[in-house]
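Written below as structure tokens is the structure these notes are about.
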Amino acid sequence: MRTDLCAPNYLQEQGGAIKGEAVRVLANQQANRLSDDAVDTAGFNAVNVAVYVGGSGSATISVEGSYEQGGNYLALSDPNASESVSSSTSFDCIVGTRWVKVRLADYLGTASFTVIVTPYQSPGMSQVQITNTAAQNLAQYNGVAVSTSNPVDVRETVGAYTTLTETAPLVTTISIGAVLAANTARLYALLINDSDTDIYLGIGVNAVVNTGIRLNALGGSYEMSKREGNLTTAAIYAIVAAGSKTLLVNEGV
């Protein structure tokens, strides 16, 4: 059996109607105006607005809200709360105020407009309106306009890389020459001790035994990325206490 969840006085498990009483706020209106009648939305978070158009013409139908029945009515924040109408239709919007009225504006032609508002309990959020203007993109992405030719590089946010380079430099008792050169394009790095002796790293400075970052023998490792919060683009140096040992170096850009 099919259940009509929008039937009047349908009760949810928590108790309370999911749909309120329909109110005709405008009847055969042929001029700009704000409705006299207000709809009580207490217990509801959305309204359905049914617009019936007779004749030829157009108008903008907008839902406005107020916390007092006789207070000032202002436009709702939901971008779906306003529609340009030239034929019979209906639309829904989220409300956050106790009372709502309907405003008819931009009236053209000779059509008559009848508007019926029905409050109800919406199970989800309103649609999100996404605009695409250079001014908004400029403000939203560090002063750089975003477009198809200049997309947002999400790799900068999470530290993901597209190219991985692998090397295996020898580490000796003297920290001469970086095992990983400085690289401003670096997004990721992983250094693994592939030897039987502890290796010590120096970030941006020569490495010193028993100082800095220690990589334990037989697989000790150090990983860097923006996601981990420890990414550096500086040169990395390494040293061991004795012998010549292999360090596995992976760098992502």
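Bear in mind these aren't lab numbers, they're just calculated from the coordinates by the rules spelled out. Remember, it's a predicted structure, so these values are computed and weren't measured experimentally. Because the Cβ atoms are built from the backbone with ideal geometry, glycine has one as well, and the counts that use them run over all protein chains shown.
In this structure, the amide hydrogen of Tyr188, modeled 1.01 Å from its nitrogen in the peptide plane, lies closer than 5 angstrom to those of Gly252, counting only residues at least 5 positions away or on a different chain. Residue-wise HN-Hα couplings along segment 53-61, as the Karplus relation 6.51 cos²θ - 1.76 cosθ + 1.60 with θ = phi - 60° gives them from phi, are 10, x, x, 10, x, 8, 6, 9, 9 Hz; Gly and Pro carry x. Peptide packing: for 57-67, 234-244, the average count of neighbouring Cβ atoms within 10 Å per residue gives the ranking 57-67, 234-244, highest mean first. Near Tyr200, once Lys and Arg are set to +1 and Asp and Glu to -1 for all other residues with Cβ below 12 Å from its Cβ, the sum equals +1. Residues of segment 237-253 with backbone nitrogen within less than 19 Å of a virtual label 7 Å along the Cα-to-Cβ line of Glu166, please, listed as ranges. Residues 246-253 qualify, since their backbone N sits under 19 Å from the label point.
Using the scaling law 2.2 N^0.38 Å as the reference, what is the normalised Cα Rg of segment 23-120? Please report the intermediate quantities before stating the final value.
On the way: Rg = 12.3 Å, N = 98, 2.2 N^0.38 = 12.6 Å.
Its radius of gyration relative to the 2.2 N^0.38 Å reference: 0.98.
Here the gap between Thr246 and Ser58, fully extended at 0.36 nm per residue and compared with their Cα-Cα distance, gives a gain of 59.9 nm.
Here segment 164-253 is treated as a sphere whose radius is the Kirkwood value from Cα pairs; by Stokes-Einstein at 25 °C and 0.890 mPa s it diffuses with a coefficient of 194 µm²/s. Among 99-109, 163-173, 180-190, the peptide with the highest mean count of other Cβ atoms within 10 Å heads the list, and the full ranking is 99-109, 180-190, 163-173.
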